[in-house]
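Input: a single structure, listed below in structure tokens.
The values are calculated or read from the model by the stated rules, or taken from the named source; none is laboratory data. Just so it is clear, the structure is predicted and the values come from calculations on it, not from any experiment. Heads up, the Cβs are rebuilt from the backbone with ideal geometry, glycines too, and the neighbour counts pull from every protein chain shown. What goes into the accessible areas is simple: the full protein's heavy atoms, side chains included, and nothing from ligands, DNA or RNA. Shrake-Rupley method; radii C 1.70, N 1.55, O 1.52, S 1.80 Å.
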Amino acid sequence: MFSSAATPRDETPTPGKTAVGRPTAAEPVHRPVAAPADGEDRATETALRPKDLDGFIGQVRVREQLDLVLRAARQRSATADHVLLSGAPGLGKTTLAMIIAAEMGAPLRITSGPAIQHPGELAAVLASLTGGEVLFLDEIHRMSRPAEEMLYLAMEDFRVDIIVGTGLDATAMSLELPPFTLVGATVRAGLLLPPLRDRFGFTAHMEFYDPAELERVIHRSARLLEVEVEPAGAAEIAGRSRGTPRIANRLLRRVRDYAQVTADGVVTREIASAALGVYEVDGRGLDRLDQAVLHALLKLFGGGPVGLATLAVAVGEERETVAEVAEPFLVREGLLTRTPRGRVATPAAWAHLGLVPPPGPSWAASPGLHQNGGSGQDGPPEGRTGRTTSPPAPRHRPPPR
């Protein structure tokens, strides 16, 4: 269930010691954390993470608020309040959790909601925490309800109640916990029950980055990777990064490879554009799946409406992949809308692919169709005017003889 890895180097002091002010570097403390992924890309991604709030780019409001929380806790020589971070993947939630531990001079424990499906598993993790330790619980919304209910008491009273034995021999035991800081991360904050959300002393929502912030991220990563990037090249990559630093760093590594193999290693606008064309990332940041969804919606179904299952079959993907990977970005870019009748392309989608929409009324603007409503289930549209047909009148059945 849990494997071992080390906390960030030179960021974790000896357990049990809390520094007032910014902590100094010390020997790393090895704590059980979630199993790291193999591969050069993951190692590079870890190396690109900032180690303190001063080096964290973007999320200005979140950084200011979190800095106040951590400074106040250090001045009191106390553990920081529990922190809940929400937002789309790749915006820096895990990085902020590591920074919180480094700023507090505390060890870091990393696990995830899917790994905790029984209260006993959570109790084992909590019982092994040391005083002041930071517990990072990624995908906290996927934790089981019984474990979540046990977490209520642990967060508020630093205590867990466990049952030992079964049947008539069962005994309730109360286990006292040292003060700790829980950092929860989720992409779906609405799935957390109110009793759990209310126990976090500080909550923050991570916003998407604007191109200027992403350019700063790319220049910083380029310095760490020892890659020469011209400002125009960084701007080209930032414009295709979907407002996400993780995607920006990934695209930078792929452009670096292209520049190294086909050019002199310098990332210019032309090199970046050519490299991202090879990797099927267009000028707006749409990847292969996004473009396939738009092509199917426009060319096969005339712009919609079309059900999610039919659209997924048309692009050869699972429904969940289309709904959770492609659709959020397409909707955010204003290229696709969700209506009660199905998915509908917007005029911007036709313009993006250089196509002319067919004549006729716009489904997205028809009465009874709302962009934010409906499940978009499959089924033939009821005419092309946007009007729904009346339900059939109930049949009159004679009473039984």
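With respect to the conditions (1) on the phi < 0 side of the Ramachandran plot; (2) open to solvent by 20 Å² or more (accessible area, probe 1.4 Å); (3) not polar (S, T, N, Q), GLU280 falls short on a single one, namely (1). Among the candidates LEU308, LEU251, LEU289, the residue that is among the hydrophobic types (A, V, I, L, M, F, W, C), touching a residue at least 24 places away in the same chain (Cβ under 8 Å) and crowded, with 20+ Cβ neighbours inside 10 Å is uniquely LEU251.
Of note, LEU68 satisfies the criterion of being modelled with pLDDT of 85 or more, more than 24 Å from the chain's Cα centre (by Cα) and within 27 Å of LEU214 (Cα to Cα). Of the listed requirements (1) basic (Lys, Arg); (2) modelled with pLDDT under 85; (3) outside any loop (DSSP other than H, G, I, E, B), ARG284 misses just one: (3).
Note on region 187-210: residues that are assigned to a helix (DSSP H, G or I) and either surrounded by 17 or more Cβ atoms within 10 Å (Cβ to Cβ) or aliphatic (A, V, I, L, M) (or both) total 3.
Only residues that are assigned to a strand (DSSP E or B) and either among the acidic types (Asp, Glu) or modelled with pLDDT of 85 or more (or both) were counted across region 139-170, and they come to 1. Out of all the residues in region 101-124, is one or more closer than 24 Å to ARG242 by Cα and assigned to a helix (DSSP H, G or I)? Checking region 101-124: not a single residue is closer than 24 Å to ARG242 by Cα and assigned to a helix (DSSP H, G or I). Of VAL315, VAL325, all but one fail to be of a type in the set (A, V, I, L, M, F, W, C) and more than 19 Å from PHE208 (Cβ to Cβ); the exception is VAL315.
Tally time: how many residues in region 329-340 are open to solvent by 40 Å² or more (accessible area, probe 1.4 Å) and more than 16 Å from ARG284 (Cα to Cα)? Looking only at that region, the number is 2.
For the list (1) modelled with pLDDT of 90 or more; (2) open to solvent by 40 Å² or more (accessible area, probe 1.4 Å); (3) within 24 Å of GLY190 (Cβ to Cβ), I need the number of the one condition that PRO119 fails. Going through the list (1) modelled with pLDDT of 90 or more; (2) open to solvent by 40 Å² or more (accessible area, probe 1.4 Å); (3) within 24 Å of GLY190 (Cβ to Cβ), PRO119 breaks only (1).
Within region 213-227, residues that are free of Cβ contacts under 8 Å to residues at least 40 places away in the same chain and over 10 Å from ALA238 (Cα atoms) have Cβ atoms under 8 Å from residues that are part of a helix (DSSP H, G or I) and open to solvent by less than 60 Å² (accessible area, probe 1.4 Å) in these pairs: HIS219/ALA234, counting only partners at least 6 apart in sequence or on another chain. Take GLU270 and decide whether it is under 22 Å from the mean Cα position of the chain (by Cα) and surrounded by fewer than 18 Cβ atoms within 10 Å (Cβ to Cβ). Answer is no for this residue. Across region 122-151, the qualifying residues are those that are among the acidic types (Asp, Glu) and either over 17 Å from ARG188 (Cα atoms) or out of contact with any Leu (no Cβ under 9 Å at 6 or more places or on another chain) (or both), and the one among them that is most open to solvent (accessible area, probe 1.4 Å) is GLU149. Exactly one residue out of ALA348, ALA326 is small (Gly, Ala, Ser), surrounded by 15 or more Cβ atoms within 10 Å (Cβ to Cβ) and modelled with pLDDT of 50 or more, and it is ALA326.
Scoring ILE237 on the criteria (1) over 21 Å from the mean Cα position of the chain (by Cα); (2) over 30 Å from ALA147 (Cβ atoms) leaves a single failure, condition (1). All of (1) under 26 Å from the mean Cα position of the chain (by Cα); (2) at pLDDT 85 or above hold for ALA296 with one exception: (1). For region 33-49, indicate whether the set of residues that are over 26 Å from MET155 (Cα atoms), modelled with pLDDT under 90, open to solvent by 70 Å² or more (accessible area, probe 1.4 Å) and part of a loop (DSSP other than H, G, I, E, B) is non-empty. For region 33-49, residues over 26 Å from MET155 (Cα atoms), modelled with pLDDT under 90, open to solvent by 70 Å² or more (accessible area, probe 1.4 Å) and part of a loop (DSSP other than H, G, I, E, B): present. Residues that are surrounded by fewer than 20 Cβ atoms within 10 Å (Cβ to Cβ) and within 22 Å of ASP54 (Cα to Cα) within region 211-246 comprise PRO211, ALA212, GLU213, ARG216, HIS219, ARG220, ARG223, LEU224, LEU225, GLU226, ARG246, listed in sequence order.
Per this entry, VAL69 is not counted among residues that are touching a helix residue (DSSP H, G or I) at 6+ places or on another chain (Cβ under 7 Å) and among the aliphatic types (A, V, I, L, M).
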